[in-house]
Every structure is written in structure tokens, then in C-alpha cells.
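Asker: The structure under discussion is supplied below as C-alpha cells; questions concerning it will follow.
Bear in mind these aren't lab numbers, they're just calculated from the coordinates by the rules spelled out. Here the structure is a predicted model, which means the values were calculated and not measured. Quick reminder, even Gly has a Cβ in these numbers, built from the backbone with ideal geometry, and neighbours come from all protein chains shown.
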Amino acid sequence: AFIVAMGFTAIVVCLFSPSLRSIFSLARAKTFGCDLVFLTNYSLGGQYVFPNNPLPGCSNASLWSIPKEFLCYLFVLVPGVLCAFKRRWVILLVTVVAWIVYCRRLHLAEDVFDVSSIDLRLAVFFLAGMSTWLWRDKIPFSGILALVSVLVLGIASQFKPAFSILLPPLGGYAIWWLAFGPKIRAMQWTQKTDLSYGMYLYAFPI
């Protein structure tokens with residue numbers, strides 16, 4: 001899916017960014033090939049790509065997260081090989097420790113959105129989702145709790161960094177309830193297909 005999205009983005013760039021076509025070279029073609037192998041997107045960015053756009057130099061901003069997402073999937077392999085999923089408290093402990101470190105960095109006013117820190121932020125969310133799945137038989141499934149989570153997050157949004165600290169557990173719970181709780185008639189067609197990944201990858205170039 002990533003390779004197809006990269007191909008689509010490349011076509012869009014070639015058609016609508018003449019400044020990039022003017023400096024196209026074999027080296028950039030090789031970089032494009034490396035992008036396909038390593039899930040990066042260096043070849044479709046730079047000062048010659050849509051230089052007059054509101055976000056210049058960018059062809060598909062959604063692609064930045066794909067290699068990090070893939071690393072999270074590889075992370076699942078480690079506890080799987082070690083049979084750690086049979087000891088779900090271990091995963092929960094790792095989740096709590098990662099969240100505490102994340103909270104500490106926020107409390108110290110460190111930027112968790114920079115290149116060196118964003119992996120921690122994404123890992124906390126990924127671990128929160130993993131722990132929720134492993135402990136789903138113990139977690140109460142309640143619309144009231146989901147509503148309370150949203151209300152608390154709304155209040156916390158006015159206090160920095162409370163919102164960022166509470167978002168992984170409370171936001172994760174609210175999304176979990178929304179995904180598996182209410183039967184929204186207008187959304188029943190989504191039960192046959194999952195469009196989230198495709199919409200994420202193609203929204204930006206479109």
C-alpha cells in the first residue's frame with residue numbers, strides 16, 4: 001500500500017511540479033527506489049517540489065509516519081517471539097514506564113514533537129492501544145466513562161501539558177469505545193472495509 005501511494009504521489013508531483021521535472025536526475029530516481037525499500041520519502045520533497053504552496057517542498061506530508069508505524073509493528077514481533085503476550089502484565093508495565101517517562105519530559109517542558117522525541121510519543125500511544133487490547137476483558141466498556149474521558153480532556157486542554165499527559169489513556173479509551181460501542185447506522189458500510197489507511201495516505205496529494 002505504501003509503494004502504490006508513493007507511485008501515485010510521484011505521478012502527482014511529476015504532473016504538477018514542473019520545477020522538480022527540470023532538475024530530475026538519475027540520482028533522484030535512485031533515491032526514489034531507496035524510498036520504496038526503506039519506507040521513506042526523501043525523493044518527493046525538497047525546495048523544488050511545489051515551492052509556492054502553503055507548505056512548500058512537500059508532496060505528501062502523511063508519509064513521514066509510515067516508517068515509525070512500521071517500527072511499531074516490528075516491536076510487536078519481540079514480545080511475540082518471547083511469548084510475553086502470555087504475561088500481559090509485562091506489556092502493561094512497559095506501557096506505564098514509557099508513559100511516566102513521556103510525562104516527565106512534558107513536565108520538564110521538553111519538546112516531544114521534535115525528531116528525537118516523537119518516537120517516544122508514538123510509542124506511548126501504540127503501547128496504550130496494545131495494553132488496552134490485551135486487558136480488554138478487565139476494562140469496563142462504558143459510554144459514560146467514554147463521555148467522562150472526553151469531558152476531562154476538554155478541561156485539560158486548557159492546562160499545559162495536562163492534555164498531552166492524559167491523551168494516551170483517556171483519548172485512547174474514548175476512541176476504543178467509539179470504534180466498538182455505538183451502532184451508527186450511517187457508518188455501517190464501513191464494517192465491510194477499512195478506509196483509514198488509504199484515506200490517510202492519499203488525502204494530502206489529492
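Asker: In the Gaussian network model of the chain, springs joining C-alpha atoms below 10 Å, which of S149, S196, S62 carries the largest mean-square fluctuation?
Answerer: S196
Asker: Now, a different point. Going by alpha carbons, how many degrees (0 to 90, nearest 10) lie between the helix axis of 2-16 and the longest principal axis of the chain?
Answerer: 40
Asker: Can you match P(r) over Cα pairs in 5 Å bins from 0, in percent to one of these, (1) 1, 7, 14, 16, 17, 15, 12, 9, 6, 2, 0; (2) 1, 6, 11, 13, 15, 15, 14, 11, 8, 4, 1, 0; (3) 1, 6, 12, 12, 9, 9, 9, 9, 8, 6, 4, 3, 3, 3, 3, 2, 1, 0, 0, based on a calculation from the structure here?
Answerer: Working out P(r) over Cα pairs in 5 Å bins from 0, in percent from the coordinates points to (2).
Asker: Can you list the HN-Hα couplings for the stretch 119-135, worked out from phi with the Karplus curve (6.51, -1.76, 1.60; θ = phi - 60°), rounded to whole Hz and with x for Gly and Pro?
Answerer: 4, 5, 4, 5, 5, 4, 5, 5, 5, 4, x, 5, 5, 4, 5, 5, 10
Asker: Expressed as a whole number of Å, what is the distance separating the alpha-carbon centroids of the stretch 157-205 and the stretch 121-149?
Answerer: So the two Cα centres are separated by 12 Å.
Asker: Moving on. Could you tell me how many degrees, from 0 to 90 and to the nearest 10, lie between the Cα long axis of helix 88-107 and the main elongation axis, the longest principal axis, of the Cα atoms of the chain?
Answerer: The answer is roughly 70 degrees.
Asker: For K192, list the lysines whose Cα falls under 26 Å from its own Cα; do not include residues on the same chain fewer than 8 positions away.
Answerer: Output for K192: K183.
Asker: Of A27, A174, A98, which is the most mobile in a GNM of the chain whose springs link Cα atoms less than 10 angstrom apart?
Answerer: Among A27, A174, A98, the largest mean-square fluctuation in the Gaussian network model of the chain belongs to A27.
Asker: Note the angle between two axes, namely the Cα long axis of helix 66-81 and the longest principal axis of the Cα atoms of the chain, as a number of degrees from 0 to 90, rounded to the nearest 10.
Answerer: Helix 66-81 sits roughly 50 degrees off the main axis of the chain.
Asker: Now, a different point. With a 10 Å radius around each residue's Cβ, average the other Cβ atoms per peptide and rank 70-81, 49-60, 123-134, highest first.
Answerer: Ranked by mean Cβ neighbours within 10 Å, highest first: 123-134, 49-60, 70-81.
Asker: State the extension gain, in nm to one decimal, for the chain segment bounded by A203 and Y42, taking 0.36 nm per residue of separation less the distance between their alpha-carbons.
Answerer: 56.1 nm
Asker: Based solely on its DSSP helices, what 222 nm [θ] is calculated for the chain when runs of n ≥ 4 H residues each add -39,500 (n - 2.57) and the sum is averaged over all residues, nearest 500 deg cm²/dmol?
Answerer: My calculation for the chain gives -18500 deg cm²/dmol from helical runs alone.
Asker: Here's another thing I want to ask about it. Among I155, Y202, I91, whose Cα sits farthest toward the positive end of the charge dipole of the chain (+1 at Cβ of Lys/Arg, -1 at Cβ of Asp/Glu, about the Cα centre)?
Answerer: Comparing the listed Cα positions along the dipole, I91 ranks first.
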